[in-house]
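Only one structure is covered here, and it is reproduced in the block below.
Just so it is clear, none of the values below were taken in a lab; they were calculated from the coordinates. No experiment lies behind these values; they were computed from the predicted model shown. Glycine also receives a Cβ, built like all others from the backbone with ideal geometry; neighbour counts cover every protein chain displayed.
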Amino acid sequence: MFKLHIRVPYVLLGFILCATTLTDASSYEESFQARKTHLLSYLADGWGNGQPFPNFSDVHKHYWSSAIAVIESKPEGILHPQVNDGDATSGRPPRYWGILKYDGEAATGLVSNATRGTGSNVSFSWNPNVFHFIFPGLAYLMGMYPDIPAWSDPHHRDANLTYRSNYLRYVLTRTDNYNAFTGEGTENHINMSRPSAWVLASEAERLGYSFSGQPASAAQRANEMRSWIMGWSRRIYEVGIGEWDSGTYYMVSLQGWLAAYDYAGTEHGWDPEVRAAARAVIDFYAATLAIKHNGFHFAGAESRSGRNFSRMDNGTAYLAYLWFADTVLPPPDWRGNQAAEAVYAAVSSYRPPAHLVALARKGPADHETYHALKPSYLLQDAAQTVEVVHLGPGYTLGSANMNIGSFHSSTWQIVPWKMMITGASPTSFPAVVPEMAVFMEQVF
């Protein structure tokens, strides 16, 4: 039987991304809008249970997603009370606090002014010290919806500040390890922070904000982040993605880039070079996902992922659903905290190139093999890992050989090999075969 061995160097991705359109754009857009509507409706309507916000954990990741979904799917748009002043008829928090003004503990409901913004879930609107996850949503809401009334309202703690200026004050003066401009962390943290920081600093510069205690001006920070965007976007085409093919972190790594891409296309944030650089990064992610796509999951090895590949168990699965599914039906099940991560892909003007959609929707393979080199974290080592993915009739099998002697810290999430049954169609959900014996029996 003929075997096709495909070696895809990263320079070849440039050719792939410039190929001829293979699918009808209007038909794709119509189906994309249907999938988008399903996801936004689910998020905007209380994550399927009809409860008012907040009704979920990890609020610093998911408040912003819910606000974006409400704006995009409700007729009130940016005037919706859940985004601004809250819903006074609700018996749950935020009774009088909208998402952008929320200033209480997520688990304890309304609290007194004396204790607001204290405890483990520090409030956003006064002291948004909640790790890197705060930045993409804040950047998207501030950059893409600058006319939300709540932005201009006097802050409830300091009438000399508006809610907008208070958020930007915090971003520009923050100097701890979670700051947007120089903060460290894993690669998804960097991707969430730096492109988002460009948006936020650009907005601060546009509005003329300057705050006591900030180590650099808004203009300086915007220029620094712009340079970072241009450099990083070139580097990944030389060596690839450090946190490669991660079902858990792929979607969150794209959130900041989607915010930068869309903001750079607005009249007030117009920057064609940043938009092109952000598009190149998102295209790269789309290409690698399309090549290894199997029923909304990555075929083969993953740098960081879960151990359970159920139907829709990570944000990347919802990204693949939005970009590559050939159905207008909703997923058979939802995971709210994971679906929320993909709202940026749903509302973005970005669409993957048509040939990548066709590649992701590939039919059952005879035998094809894909080889790739993967870099280390932060793109320092250009070839830390050698990957092989085999596409066979009815299954995919992939593995990765890396120069890591043991798994600890973030590397414990590495999935060194994986076999998945290919569904009857690209929208079928795969089964996972964890036992090598089953593979040996079925294939050999």
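Using the beta-carbon distance between Asp24 and Ser210 and R0 = 56 Å, what value does 1/(1 + (r/R0)^6) give for FRET efficiency, to the nearest 0.05?
On the way: r = 50 Å, r/R0 = 0.90.
The formula returns an efficiency of 0.65 here.
Sort Trp151, Trp232 so the one with the fewest other Cβ atoms within 10 Å of its own Cβ comes first.
Working: Trp151 21, Trp232 18.
Going from sparsest to densest Cβ surroundings: Trp232, Trp151.
Is the C-alpha gyration tensor of segment 169-234 telling us rounded, prolate or oblate? Criteria: a/c under 1.5 is rounded; beyond that, a/b larger than b/c is prolate, otherwise oblate.
Values: a/c = 2.30, a/b = 1.35, b/c = 1.71.
Oblate.
Provide the gained length on full extension for the span Met402 to Leu378, in nm with one decimal, where the gain is 0.36 nm per separating residue minus the Cα-Cα distance. Could you put the intermediate results ahead of the total?
Working: separation 24, 0.36 × 24 = 8.64 nm, distance 1.58 nm.
Contour length minus the Cα-Cα distance gives 7.1 nm.
How far apart, in nanometres, would the label points at Asn223 and Trp270 be if each is projected 7 angstrom from Cα along the Cα-to-Cβ direction?
Label at Asn223, label at Trp270, 2.2 nm between them.
What's the exposure ranking of Val281, Val171, going from fewest to most Cβ atoms within 10 Å? Let's see the in-between values first.
Numbers: Val281 25, Val171 28.
Starting with the residue having the fewest Cβ neighbours, the order is Val281, Val171.
Please give, to one decimal in nm, the separation of the simple spin-label points placed at Ser31 and Val386, each 7 Å out from Cα toward the Cβ.
The answer from the label model is 3.8 nm.
Ranked from highest to lowest mean number of other Cβ atoms within 10 Å per residue, what is the order of the peptides 390-399, 191-200?
Ranked from most to least packed, the peptides come out as 191-200, 390-399.
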